[in-house]
Amino acid sequence: MKLVFAGTPEVAVPALDALIASERHDVVAVVTRPDAPAGRGRRLVASPVAQRAEEADIEVLKPARPRDEDFLARLREIGPDCCPVVAYGALLPKSALDVPVHGWVNLHFSLLPAWRGAAPVQHAVMAGDEMTGASTFQIERGLDSGPVYGVITEHVRPTDTSGDLLTRLAFAGSGLLAATMDGIEDGSLKPVPQPAEGITLAPKITVEDARVEWSAPALRVDRVVRACTPAPGAWTVFRGERLKLVHLGLLPERTELAPGAVAVGKNNVYVGTGSHAVELLWVQPQGKKPMRAADWARGVRIAPGESLG
């Protein structure tokens, strides 16, 4: 098939690579979000998908909005058979959805209908799911509600951050998306409507969502930190300034600390929660690089009775 691939962040690149490598399909163009400011200089930088497409000498389309007539005219001119999508980042209007013969097929990082929305992996980690996966489905006007072509499953490991899990799903899902294109092309795959039961939503995780509540049980604190790593970053407050929590460990044997209370050992920093203490392993003070929590504690000289939050 003649394909136009839509995607933007690094997590979409493995799928693009898999389709470029396919001998059965031809990626003739990619659609991605416009260049965005990045780094300290805030200069405009092309998306990872755009950069990979340019390396492969593939046409890159960067519409400000997918309903822009110039973009739609070029899409009709190309005449793709199908448009595979991974984390494109913009809503597609019906005028775009109607162009390819086989529609737009999205690789979504959950087992639909669970975790429909922008942050399925973060919500799976935060909810303590033991199993997740990826699904390919036909895009329609509803939110991730279209019929499903195929799924893969993936165990959520006890120490997984959302970044760890998303990386594994991106590579495993790239094979699923390529296989879905094969099945659509030879007619062996037909999409199956999603069940009406088991629908959960995964809206974008905000910075406020990432604030740790020390009155919550330790297991919940751990899940929030892992779910919000690397973005937007779990955080708390210390001496009026934001302190990012990069990595922590569970300590069921320590129960004497009140929620948020800090205890500093020779090489350890413990914080009380609503159940038992956690150990801070890595933190990132405001305006600084990540550092070992023990080094941070020595530097700020935490006084007895001080707490986080």
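Name the strands (runs of 3 or more DSSP E) wholly inside the stretch 21-74 in which the number of residues that are at pLDDT below 95 and among the hydrophobic types (A, V, I, L, M, F, W, C) is 1 or more. Outline the logic, then answer.
Numbers: elements: 26-31, 36-38, 43-45, 59-61.
The strands (runs of 3 or more DSSP E) meeting that bar are 36-38, 43-45.
Looking at Ala216, Ala231, Ala263, Ala294, which one is part of a helix (DSSP H, G or I), out of contact with any helix residue (DSSP H, G or I) (no Cβ under 6 Å at 6 or more places or on another chain) and not charged (D, E, K, R)? Full working, then the answer.
Working: Ala216 fails: part of a helix (DSSP H, G or I); Ala231 fails: part of a helix (DSSP H, G or I); Ala263 fails: part of a helix (DSSP H, G or I).
Matching residue, one of Ala216, Ala231, Ala263, Ala294: Ala294.
I'm checking my understanding of the structure. Among residues of the stretch 51-73 that are in contact (Cβ under 8 Å) with a residue 24 or more places away in the chain and open to solvent by 70 Å² or more (accessible area, probe 1.4 Å), which one is farthest from the chain's Cα centre (by Cα)?
Among them, the one singled out is Arg67.
Quickly run through the stretch 97-123 and pick out the residues that are in contact with a Leu (Cβ under 6 Å, 6 or more places away or on another chain), part of a loop (DSSP other than H, G, I, E, B) and not aliphatic (A, V, I, L, M).
Once the filter is applied, which keeps residues that are in contact with a Leu (Cβ under 6 Å, 6 or more places away or on another chain), part of a loop (DSSP other than H, G, I, E, B) and not aliphatic (A, V, I, L, M), the stretch 97-123 yields Phe109, Gly117.
Restricting the search to the stretch 10-26, which residues are open to solvent by 20 Å² or more (accessible area, probe 1.4 Å) and in contact with a Lys or Arg (Cβ under 6 Å, 6 or more places away or on another chain)?
Selection gives Asp26 alone.
What are the residues in the stretch 82-98 that are surrounded by fewer than 18 Cβ atoms within 10 Å (Cβ to Cβ) and closer than 14 Å to Ala29 by Cα, if any? Spell out how you get there, then give the answer.
Let us first name the residues in the stretch 82-98 that are surrounded by fewer than 18 Cβ atoms within 10 Å (Cβ to Cβ), namely 89-91, 93-95, 97-98.
Across the stretch 82-98, there are no qualifying residues.
Of the residues Val283, Val246, Val237, which is within 26 Å of the chain's Cα centre (by Cα) and either of a type outside the set (A, V, I, L, M) or more than 21 Å from Ser162 (Cβ to Cβ) (or both)? Working first, answer last.
Values: Val283 fails: either of a type outside the set (A, V, I, L, M) or more than 21 Å from Ser162 (Cβ to Cβ) (or both); Val246 fails: either of a type outside the set (A, V, I, L, M) or more than 21 Å from Ser162 (Cβ to Cβ) (or both).
Exactly one residue qualifies, and that residue is Val237.
From the list Leu201, Leu281, which one is aliphatic (A, V, I, L, M), at pLDDT 95 or above and within 30 Å of Tyr149 (Cβ to Cβ)?
Numbers: Leu281 fails: within 30 Å of Tyr149 (Cβ to Cβ).
When all the criteria are applied, what remains is Leu201.
Give the residue, chosen from Asp160, Asp129, that is among the charged types (D, E, K, R) and open to solvent by less than 40 Å² (accessible area, probe 1.4 Å).
On the way: Asp129 fails: open to solvent by less than 40 Å² (accessible area, probe 1.4 Å).
Unique residue meeting the criteria: Asp160.
Considering each residue of the stretch 261-292, count those that are open to solvent by less than 30 Å² (accessible area, probe 1.4 Å), within 22 Å of Thr159 (Cα to Cα) and small (Gly, Ala, Ser), and give that number.
Number of matching residues: 2.
Examine the stretch 248-255 for a residue that is more than 20 Å from Glu306 (Cβ to Cβ), outside any loop (DSSP other than H, G, I, E, B) and either open to solvent by 70 Å² or more (accessible area, probe 1.4 Å) or touching a His at 6+ places or on another chain (Cβ under 8 Å) (or both), and state whether such a residue exists.
From the stretch 248-255, those more than 20 Å from Glu306 (Cβ to Cβ) are 249-250, 252-253; that's our starting set.
Still in the list and also outside any loop (DSSP other than H, G, I, E, B): 249-250.
Of the ones still in play, those that are also either open to solvent by 70 Å² or more (accessible area, probe 1.4 Å) or touching a His at 6+ places or on another chain (Cβ under 8 Å) (or both) are 250.
Yes: one or more hits.
Applying the selection to the stretch 231-247, what residues are farther than 14 Å from Glu279 by Cα and open to solvent by less than 50 Å² (accessible area, probe 1.4 Å)?
Listed by number, the residues that qualify are Pro232, Gly233, Ala234, Trp235, Thr236, Val237, Phe238, Leu243.
Any chance the stretch 166-179 includes a residue that's assigned to a loop (DSSP other than H, G, I, E, B), more than 17 Å from Tyr88 (Cα to Cα) and either free of Cβ contacts under 8 Å to residues at least 60 places away in the same chain or open to solvent by 30 Å² or more (accessible area, probe 1.4 Å) (or both)?
Going residue by residue through the stretch 166-179, those that are assigned to a loop (DSSP other than H, G, I, E, B) are none.
No.
The values are calculated or read from the model by the stated rules, or taken from the named source; none is laboratory data. Just so it is clear, the structure is predicted and the values come from calculations on it, not from any experiment. When we count neighbours, we look across all protein chains shown, and the Cβ atoms used for this are built from the backbone with ideal geometry, even at glycine. With ligands, DNA and RNA removed, areas are computed over all heavy atoms of the protein, side chains included. Shrake-Rupley method; radii C 1.70, N 1.55, O 1.52, S 1.80 Å.
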